[in-house]
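The values are calculated or read from the model by the stated rules, or taken from the named source; none is laboratory data. What you see is a predicted model, and the numbers here were worked out from it, not measured in a lab. Glycine gets a Cβ as well: all are built from the backbone with ideal geometry, and neighbour counts include every protein chain shown. Areas reflect the complete protein model, heavy atoms only, side chains present, ligands, DNA and RNA absent. Shrake-Rupley method; radii C 1.70, N 1.55, O 1.52, S 1.80 Å.
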Amino acid sequence: MVIIEELEETEFVMGSTPCSPETISELPMTPEETTTRAEDTSFSTRNKKNLTNEQRLAIYHFLLKESNKGKLQRGSIPMAAQQFSVSETTVKRIWKLGKESQGQNLPVDVSSRKPTRVGRKAVEVDLSKIPEIPLQPRTSIRTLAKALNVSASTLHRRMKKAGRSW
């Protein structure tokens, strides 16, 4: 259990060094060498939908410490799942991702594969055109939106975001 306590005190940063059994021993292991605080290393994800990339990397580093020549010791996956409050399936998936990238001689990347931006593209509204519109169509949001060729709700959101009033 000493390894688990030391792992909680260690800060893992994505992209800092390639992950391998040789480099894992070079990571700081004493509280004096670490720069993290206790509240930053909480890995309670029971109510969270997704793990952060730092949490995923910490799980992979934990599994690397528990491995011997690339093979996990018996009970490592359930222990990691309990330690990081995630399911065993999640731990297995992270281990598989790390092993695949190591097999291709690439730096280990266990980050999430989910896209960062989803959904419709935002409609661009040029608020600098408002002074050019005659006074009569500028009297209400509805007529101003019609003059700018956007919906009233979109115009209202953009004006609110820009901090302007009509």
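Summary table
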{"item": "Above-threshold pairs, the threshold being 31 Å between Cα atoms, out of 99/121; 92/121; 65/114", "result": "99/121; 92/121"}
{"item": "Estimated vicinal HN-Hα couplings, Hz - region 147-162 in sequence order (Karplus 6.51, -1.76, 1.60; Gly, Pro = x)", "result": "5, 8, 6, 9, 6, 5, 5, 5, 4, 4, 4, 5, 5, 5, 5, 7"}
{"item": "FRET efficiency, 1/(1 + (r/R0)^6) with R0 45 Å, evaluated for residue 152 and residue 111 via beta carbons", "result": "0.65"}
{"item": "For region 101-113, 3J(HN,Hα) per residue [Karplus equation, 6.51 cos²θ - 1.76 cosθ + 1.60, θ = phi - 60°, Hz, x = Gly/Pro]", "result": "6, 5, x, 8, 6, 10, x, 5, 10, 10, 5, 5, 8"}
{"item": "Residue-normalised accessible area of region 43-140, expressed per residue, 1.4 Å probe, Å²", "result": "70 Å²"}
{"item": "Estimated Rh, region 72-166: Kirkwood, alpha-carbon pairs, angstrom", "result": "18.2 Å"}
{"item": "Those GluC sites (Glu not before Pro) in region 66-140 that DSSP places in a loop and that have at most 13 other beta carbons within 10 Å", "result": "124"}
